[in-house]
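All remarks here apply to the structure that follows.
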Amino acid sequence: MIATLERPTTGANVPKQGEPQNEDPQAEERVNFSARVRVSVRRRAKLYAAGHDINLQDLVDEALDDYLRRHGA
């Protein structure tokens, strides 16, 4: 569990407190993010994305964003 998060001081595209955040998530710059998942989770995600005509990157981004919002992050 993460106890505290510190704001990066330089070189990051992190909005400052009180600064309006980008309302359109599709317009926001994407960065490389690496994580390892179980083979079965990857397979299910790929099948879901293909079946719903979305790319895997968008599915993972949306799923992680949803999880973080529901957990107050």
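Please treat every number below as a calculation from the coordinates, not as lab data. This is a predicted model, so every value here is computed, not measured. As a convention, Cβ positions derive from the backbone with ideal geometry for all residues, glycine included, and neighbour counts pool all protein chains shown.
Of note:
- Loop-located trypsin sites (Lys or Arg not before Pro) in region 26-69 (DSSP state not H, G, I, E or B) with no more than 15 neighbouring Cβ atoms inside 10 Å: ARG30, ARG36, ARG38.
- Rounded to whole Hz, the Karplus (6.51, -1.76, 1.60) HN-Hα couplings of region 27-43, x for glycine and proline: 7, 6, 4, 9, 10, 5, 9, 10, 8, 9, 10, 5, 4, 5, 5, 4, 4
- Residues in region 52-69 carry Karplus couplings, in order, of 10, 6, 10, 8, 4, 4, 5, 4, 5, 4, 5, 5, 5, 4, 4, 4, 5, 4 Hz; the curve used is 6.51 cos²θ - 1.76 cosθ + 1.60 with θ = phi - 60°, and Gly or Pro positions show x.
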